[in-house]
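These notes are about the structure you will find just below.
The values are calculated or read from the model by the stated rules, or taken from the named source; none is laboratory data. Predicted model, so just to flag it, every value in this text is computed and none were measured. Because the Cβ atoms are built from the backbone with ideal geometry, glycine has one as well, and the counts that use them run over all protein chains shown.
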Amino acid sequence: MDILAHALWTTALAKAVRRSSGPRLHLGWAAFWGVFPDLASFTIPAVLRVWWRVTGVSRTLVPEAHGPSLEWAWGLYNCTHSVLVFAAFFGVAWLIARRPLLEMSGWACHIAIDIFTHRGLFATHFLWPVSSVRLEGLPWETGWFLAVNYAALALVLVLLWGRPAVRAWSKQYRRRASG
């Protein structure tokens with residue numbers, strides 16, 4: 001899934017959890033962890049490509065057959081998209097903080113979404129490094145899926161944030177009508 005949708009879905013999930021069970025979840029941190037796997041695996045190679053272009057190591061931003069190699073970036077991608085790696089980091093963070101950092105669940109949500117919305121080169125090896133098993137999901141960039149995804153996001157966000165605004169507007173309207 002695209003990075004914006006990841007941020008929005010993980011924020012919506014955190015808002016729903018916060019609303020239903022009451023733990024103090026920081027929505028910004030949930031959104032950060034929701035995009036972390038992509039940021040961690042794509043930012044470093046992108047910065048390197050720009051640096052190599054600026055310094056003349058490469059003539060283009062597009063990877064070249066005989067240019068500097070970024071093969072290690074696939075290992076980083078697999079690492080950040082692994083449920084096992086997430087579980088290890090979550091466990092260490094829990095030990096250090098002495099409580100579960102529920103905002104980090106955005107990372108798990110990211111992986112779960114990608115398992116079903118990636119295929120081919122980006123199919124998620126969610127049990128890396130133990131297994132290279134992966135599903136050939138529906139490509140997130142498919143036109144009808146993008147439309148359905150963002151329509152669902154809009155509906156969920158309105159339900160989560162819109163109801164209090166509608167209630168406040170309704171209360172204010174009734175007050176004016178009766179006064």
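Among all positions in segment 139-162, there is no residue which is outside any helix (DSSP H, G or I) and under 16 Å from CYS79 (Cα atoms). Residues in segment 66-104 that are within 18 Å of the chain's Cα centre (by Cα) and not in a helix (DSSP H, G or I): HIS81, SER82, LEU101. If I filter segment 16-51 down to residues being surrounded by fewer than 16 Cβ atoms within 10 Å (Cβ to Cβ) and small (Gly, Ala, Ser), which single residue comes out as nearest to LEU157 (Cα to Cα)? Only one residue tops the list, namely ALA16. Sub-6 Å Cβ pairs linking a first residue in segment 32-57 that is within 23 Å of LEU101 (Cβ to Cβ) to a second residue that is of a type in the set (D, E, K, R) and in a helix (DSSP H, G or I), at least 6 apart or interchain, are TRP33/GLU103, ordered by first then second residue. Restricting attention to segment 117-138, the residues being surrounded by 14 or more Cβ atoms within 10 Å (Cβ to Cβ) and of a type outside the set (Ser, Thr, Tyr) number 11.
Considering SER69, SER58, the condition of being over 26 Å from LEU135 (Cα atoms), surrounded by 18 or more Cβ atoms within 10 Å (Cβ to Cβ), at pLDDT below 95 and not charged (D, E, K, R) is satisfied by SER58 alone. With respect to the conditions (1) modelled with pLDDT of 95 or more; (2) among the aromatic types (Phe, Trp, Tyr); (3) outside any loop (DSSP other than H, G, I, E, B), PHE126 falls short on a single one, namely (3).
Every residue, every condition in (1) of a type outside the set (A, V, I, L, M, F, W, C); (2) touching a Lys or Arg at 6+ places or on another chain (Cβ under 8 Å), yes or no:
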| position | (1), (2) |
| --- | --- |
| ALA16 | no, no |
| SER21 | yes, no |
| ALA31 | no, no |
| ARG49 | yes, no |
| TRP52 | no, no |
| ARG59 | yes, yes |
